[in-house]
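In what follows, a structure is listed as structure tokens, so that the remarks can point back to it.
The values are calculated or read from the model by the stated rules, or taken from the named source; none is laboratory data. Given the structure is predicted, the values throughout are model-derived calculations rather than measurements. Here the Cβ positions follow ideal geometry from the backbone for every residue, glycine too, while neighbour counts run over all protein chains shown. SASA here: full protein model, heavy atoms, side chains in, ligands and nucleic acids out. Shrake-Rupley method; radii C 1.70, N 1.55, O 1.52, S 1.80 Å.
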Amino acid sequence: MVNNAVRGKVTSPPPKQSPVGFTPTGAWALATMTGVLGYWVSLQLNPPPAKAVAAGSSPASVPSAYGTSDDLQKCLEELRAAFPSEQVSTNPNVIHEHGYSTNAHHPAADPSVVVYAHNTEDVVKVVNLSRKYRIPISPYSGGTSLEGNYGSINYAGISLDLSAMDKVLEIHEKDGDMVVQAGCRWDDLNDLLKDKGIPLFFPLDAGPGATIGGMIATGCSGTNAVRYGTAKAEWFLNATVVLPSGEVIKTRRRARKSSAGFDTTKLFIGAEGTLGIVTEATIRLAPRLPTSVSVAQFPNVELATEAVTEILNKGVPIQCVELCDDKQMEAINRGGFAGRSYPEVDSIFFKFQGTPASIKEASSITQKICKAHGSTGFISAKNEHEADDLWHARKTALWSNLAMVPGSRAWSTDVCVPMSRLPQLVQETKEDLAQHGIVGMVVGHVGDGNFHTSLLFKNEEELDKCKEAVHRMVERALALDGTCTGEHGVGIGKREYLYEELGPGTVELMKTIKNTLDPYNLFNPGKLYPDEQPASEKH
């Protein structure tokens, strides 16, 4: 039964968000909005260079796979007949916003048309026309992805925008779950639950503005992963999916657990819209508990990681544990969004969870362990306001980074390694960046070995240097038994590494599933799957 009281407002087409896809919420909204504004201004004053791939190239560039230009025109005509005019756009600005991302620096091309879906039935209509005329289709929602997960490559097609599918369909407080459309943003959902006085929250905290559909597509996680795990940890109880055939399936019932067959929900988690388009999902909620924040400073990353390992192994109730290296702390100070200055040394941000008494005990234990591992300082929040201020420094890291090189842009990416290997990865990467004259900051979800870099550049030459640095960082992570992507997905940016990471057998199995469900390769083509097994000289 639909709970009309919690339905979100739908507009068509929805208002466009800022270039970074950010919707500010919470206690630090004003300061963060200032950061977003600064980032937006920097993009206007220093616009990104044109992509090498021409916008709007025809799907007939692969004539054996896709429809002709005439087929594309017929498809456009039927789309306009099937939907109100405000749901189908060929406006050049709208088209470009759906083909190019200021967050990613990978090849891209603009789609031919943007269609705004409002419900599952709309998605089925678009999919059926896509299949009829052999026109590629790429899902789009929050636009916050970083690895080229939604733009076209070398062809034009349909961009299916699900951002207007932002309704909350059901809230089951007693069962600890809710049913939502794919365009709902996780941070908006948590605000809604809080405003309604429901003491639950959705713990997967991807980038601000990320939507449920996109989070499923990329297999996301975030700062809470050390406590709550990732998208693959049954936070999505089921999903309603439109297959390339136009058939609508629901992957399972709403029960908390089931051993009825294999888990088809997980088939679509991390598939990046290549196997099906998620339109609804039942998401599991967790109790919202009091939290507090502390920050510890260390002489180096190795000592910091050793301290975190002992803290986690002792069972201290940690919700988040975040590494910011010395360059990142310098950027936070320069950015000025944190409201205070910090020592510019390798630092760990801890977020504790539990009752006030348990938080106090956890902070005390953590401080003692940090001190035993060489910590040079430890700051603890005295109240909720101070905790918000401390955590705000971590959450504004991206916008703070741009202050390090005025007029720059940032290439943000991630890898993940076993936690014990993280110090080696961080140290070798920092040495590599210094050797090649690249300004880069390190932020890590240190509790699970997830390592992010933000590399700054101002021109094409510097961009090329960043690209090579990212390649070396990925190879370094794979050599340490890690992964090319901890939580951003594969998209275009990381697909060349899948044969090396997963092995030919696994990749070919993935391709077999793709070819079975999508024999015409219409769903988000060019993403996730490597074209062919690379030779030794693969980059």
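One table, with the values for the structure above:
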| read-out | value |
| --- | --- |
| Of all residues making up the range 457-502, the number that are open to solvent by less than 20 Å² (accessible area, probe 1.4 Å) and part of a helix (DSSP H, G or I) | 9 |
| Selection count where residues are open to solvent by 20 Å² or more (accessible area, probe 1.4 Å) and under 17 Å from Thr144 (Cα atoms), scope the range 182-198 | 3 |
| Residue identified as out of contact with any Phe, Trp or Tyr (no Cβ under 6 Å at 6 or more places or on another chain), within 29 Å of Thr102 (Cα to Cα), open to solvent by less than 10 Å² (accessible area, probe 1.4 Å) and touching a residue at least 24 places away in the same chain (Cβ under 8 Å) among Met441, Met404 | Met441 |
| Glu97, sole failed condition from (1) assigned to a helix (DSSP H, G or I); (2) surrounded by fewer than 18 Cβ atoms within 10 Å (Cβ to Cβ) | (2) |
| Total residues in the range 141-168, condition open to solvent by 20 Å² or more (accessible area, probe 1.4 Å) and modelled with pLDDT of 95 or more | 3 |
| Matching entry among Gly526, Gly505 (being under 24 Å from the mean Cα position of the chain (by Cα), open to solvent by less than 70 Å² (accessible area, probe 1.4 Å) and not assigned by the TED database to the domain that holds Glu272) | Gly526 |
| Listing of strands (runs of 3 or more DSSP E) fully contained in the range 264-379 that carry 1 or more residues being among the charged types (D, E, K, R) and touching a helix residue (DSSP H, G or I) at 6+ places or on another chain (Cβ under 9 Å) | 277-284, 318-324, 347-353 |
| Output for the range 242-258, where each listed residue is of a type in the set (S, T, N, Q) and touching a residue at least 24 places away in the same chain (Cβ under 8 Å) | Ser245 |
| Failed criterion for Ser258 (all others in (1) at pLDDT 95 or above; (2) under 30 Å from Val241 (Cβ atoms); (3) of a type in the set (Gly, Ala, Ser) hold) | (1) |
| Checking Gly335 against (1) surrounded by fewer than 23 Cβ atoms within 10 Å (Cβ to Cβ); (2) at pLDDT 95 or above; (3) on the phi < 0 side of the Ramachandran plot, the condition it does not meet | (2) |
